[in-house]
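The values are calculated or read from the model by the stated rules, or taken from the named source; none is laboratory data. All values reported here derive from a predicted model rather than from experimental measurement. Please note: Cβ atoms are built from the backbone with ideal geometry, for glycine as well, and neighbour counts cover all protein chains shown. Accessible surface areas use protein heavy atoms only, side chains included; no ligands, DNA or RNA. Shrake-Rupley method; radii C 1.70, N 1.55, O 1.52, S 1.80 Å.
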Amino acid sequence: MDSTYTQLNKNLEYLKMTQMVTHLDDTIDFINTNNLSFTEGLIKLTTHEIDFKEANMIRSMVKVAAFPHRKEVKEFDFDFQPSINKQQILDFTTLRFLESQENIVFLGSSGTGKTHLATSIGIAAAKKRYSTYFIKCHDLLQQLKRAKLENRLEARLKHFCKYKLLIIDELGYLPIDKDDSKVFFQLIDMRYEKKSTILTTNINFNSWYEIFYDAVIANAILDRVLHHAHVVMINGKSYRLKNHIKQERTDQ
Ligand SMILES: Nc1ncnc2c1ncn2[C@@H]1O[C@H](COP(=O)(O)OP(=O)(O)OP(=O)(O)O)[C@@H](O)[C@H]1O
Ligand SMILES: [Mg+2]
């Protein structure tokens, strides 16, 4: 006949409560030392399992989001880029904008931190278990183009619409043909006022008609993107050239 301890261990293993098995001994010791009730002890034991499962869930949400890196706001040097309002970025990481289906557009030249900040906000969302996905605009359009050729555009658009937060990086870096522009419009239209989208671009809004080769489509996209949007204009130097700039100064 098994002891009750062995039986409990077996039960927990059967239920795949790995953390409760690992922490059974120290929890029993803690309960005895602190004279805890059955419910208090059980809460302590189950919390080990919940914390572990939560951490796993967060890890997998971050992984599924396909971020280019794991850079967060704490790694962003706001002193280097004074045109950015730090409080506004910190507010984005509270995810208030997600609850009201607002968009964020980061607009600025190369190396000013657009992808870094968009990723930071995405990581904050994924950590809070909001379904999040990061994709470069060009890759997104390639996927949609392929789906259209295979007669499954609708399903693919629906797929990209299910994300609570979609980050579309590098809008306008590569040319977009007229067909792709229409498909991009469809995606923006499907997400409009339902889900939040973060866009990063180095193209000023008044030149968007050049990206989309059609002023009507460009306007329709802009109208929807900007209706409920926070626009972060970054006017500053490239962080990538930071060390070169320093180097030049010391060379003089
Ligand atoms: N203010 C900053 N503090 C710390 N790191 C920064 C800062 N700005 C940019 N970086 C870093 O510099 C690199 C370039 O930044 P990022 O990729 O965000 O630029 P970008 O604006 O997206 O540029 P591009 O338009 O060329 O894609 C990244 O490694 C990023 O982490
Ligand atoms: Mg970028």
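A few remarks follow.
- Among the conditions (1) open to solvent by 50 Å² or more (accessible area, probe 1.4 Å); (2) more than 16 Å from ligand 1 (Cβ to nearest atom); (3) of a type in the set (A, V, I, L, M), Leu90 misses just one, which is (2).
- Some residue of segment 65-73 being part of a helix (DSSP H, G or I), within 16 Å of ligand 1 (Cβ to nearest atom) and buried (at least 16 other Cβ atoms within 10 Å of the Cβ): yes
- Residue selected from segment 191-209 under the condition among the hydrophobic types (A, V, I, L, M, F, W, C) and within 16 Å of ligand 2 (Cβ to nearest atom), by the criterion most open to solvent (accessible area, probe 1.4 Å): Ile203
- Count of segment 141-190 residues, restricted to those that are surrounded by fewer than 18 Cβ atoms within 10 Å (Cβ to Cβ), outside any helix (DSSP H, G or I) and at pLDDT below 95, is 4.
- Candidates Gln7, Gln19 - the one that is modelled with pLDDT of 95 or more, out of contact with any helix residue (DSSP H, G or I) (no Cβ under 8 Å at 6 or more places or on another chain) and in a helix (DSSP H, G or I): Gln7
- Scan segment 209-246 for residues that are within 16 Å of ligand 1 (Cβ to nearest atom) and either farther than 20 Å from Asn85 by Cβ or without any contact (Cβ under 8 Å) to a residue 60 or more places away in the chain (or both) and the total you get is 8.
- Of all residues making up segment 109-118, the number that are in a helix (DSSP H, G or I) and either within 9 Å of ligand 2 (Cβ to nearest atom) or open to solvent by 20 Å² or more (accessible area, probe 1.4 Å) (or both): 4
- Matching entry among Ile84, Ile123 (being open to solvent by less than 50 Å² (accessible area, probe 1.4 Å), within 14 Å of ligand 1 (Cβ to nearest atom), assigned to a loop (DSSP other than H, G, I, E, B) and in contact (Cβ under 8 Å) with a residue 12 or more places away in the chain): Ile84
- Close pairs from segment 160-176: first more than 13 Å from ligand 2 (Cβ to nearest atom), partner modelled with pLDDT under 95 and part of a helix (DSSP H, G or I), Cβ under 6 Å, at least 6 apart: Ile176/Ile211
- Selected residue (criterion: modelled with the highest pLDDT) from residues of segment 126-140 that are more than 16 Å from ligand 1 (Cβ to nearest atom) and assigned to a helix (DSSP H, G or I): Ala126
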